[in-house]
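S.K.: Please see the structure below; I have some questions.
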């Protein structure tokens with residue numbers, strides 16, 4: 001027997017709900033939030049309509065492009081969001097586990113230990129995880145539908161990316177370890 005939820009999801013899929021409508025709403029909300037935060041058109045309280053119209057039009061233009069080009073991004077987007085949420089949940093569980101053994105004010109402790117110049121480690125780590133999720137979810141085929149960037153095969157691009165990430169990791173280790181004096185503990 002087929003679940004009613006499965007029937008609804010398959011019907012919504014047939015209507016283009018996951019291919020167009022949900023990504024459209026997501027991008028419109030993100031653009032609206034960015035426009036309000038950046039205050040490009042003045043105070044957000046006075047320009048709600050302007051920010052909303054620009055966000056909706058830009059979102060429609062962004063998500064009309066794959067439909068016009070005939071690119072189906074439904075599977076790649078669903079894999080991307082599932083992998084992103086899995087990484088986020090793993091990070092949350094790790095923080096909960098660490099929180100069991102550390103003092104109660106964990107954000108203050110992290111700020112003292114890893115603040116300042118060491119915060120770049122977390123930013124670099126987040127960028128590496130984001131790029132890995134982007135590549136493993138298949139989103140590169142959305143950005144480069146012909147199988148590569150200007151005739152460059154996708155596997156060559158991945159190899160260069162992995163080598164660049166390794167090089168960045170080595171540079172970070174040397175840079176962070178270079179400030180310590182010999183014999184100092």
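The values are calculated or read from the model by the stated rules, or taken from the named source; none is laboratory data. Note that the coordinates shown come from a computational prediction; the quantities given were computed from them, not determined experimentally. Positions of Cβ are backbone-derived with ideal geometry, glycine not excepted, and every protein chain shown enters the neighbour counts.
Here's the yes/no breakdown for (1) modelled with pLDDT under 75; (2) touching a strand residue (DSSP E or B) at 6+ places or on another chain (Cβ under 7 Å); (3) in a helix (DSSP H, G or I):
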{"position": "112", "(1), (2), (3)": "yes, no, yes"}
{"position": "121", "(1), (2), (3)": "yes, no, yes"}
{"position": "133", "(1), (2), (3)": "no, no, yes"}
{"position": "145", "(1), (2), (3)": "yes, no, no"}
{"position": "158", "(1), (2), (3)": "yes, no, yes"}
{"position": "165", "(1), (2), (3)": "no, no, yes"}
{"position": "173", "(1), (2), (3)": "no, no, yes"}
{"position": "182", "(1), (2), (3)": "yes, no, no"}
{"position": "185", "(1), (2), (3)": "yes, no, no"}
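S.K.: Taking region 9-47, which residues are closer than 20 Å to residue 64 by Cβ and assigned to a loop (DSSP other than H, G, I, E, B)?
M.R.: Residues satisfying the conditions are 15, 16.
S.K.: Is it the case that region 44-61 has a residue that's under 26 Å from residue 10 (Cβ atoms) and assigned by TED's automatic domain parsing to the domain that holds residue 29?
M.R.: Yes, region 44-61 has at least one match.
S.K.: Looking at (1) within 19 Å of residue 80 (Cα to Cα); (2) surrounded by fewer than 16 Cβ atoms within 10 Å (Cβ to Cβ); (3) without any contact (Cβ under 8 Å) to a residue 60 or more places away in the chain, which one does residue 7 not meet, given that it meets all the others?
M.R.: Going through the list (1) within 19 Å of residue 80 (Cα to Cα); (2) surrounded by fewer than 16 Cβ atoms within 10 Å (Cβ to Cβ); (3) without any contact (Cβ under 8 Å) to a residue 60 or more places away in the chain, residue 7 breaks only (1).
S.K.: Working carefully through the options 59, 84, 78, find the one that is in contact (Cβ under 8 Å) with a residue 12 or more places away in the chain, more than 30 Å from residue 159 (Cα to Cα), in a helix (DSSP H, G or I) and out of contact with any strand residue (DSSP E or B) (no Cβ under 6 Å at 6 or more places or on another chain).
M.R.: The conditions single out 59.
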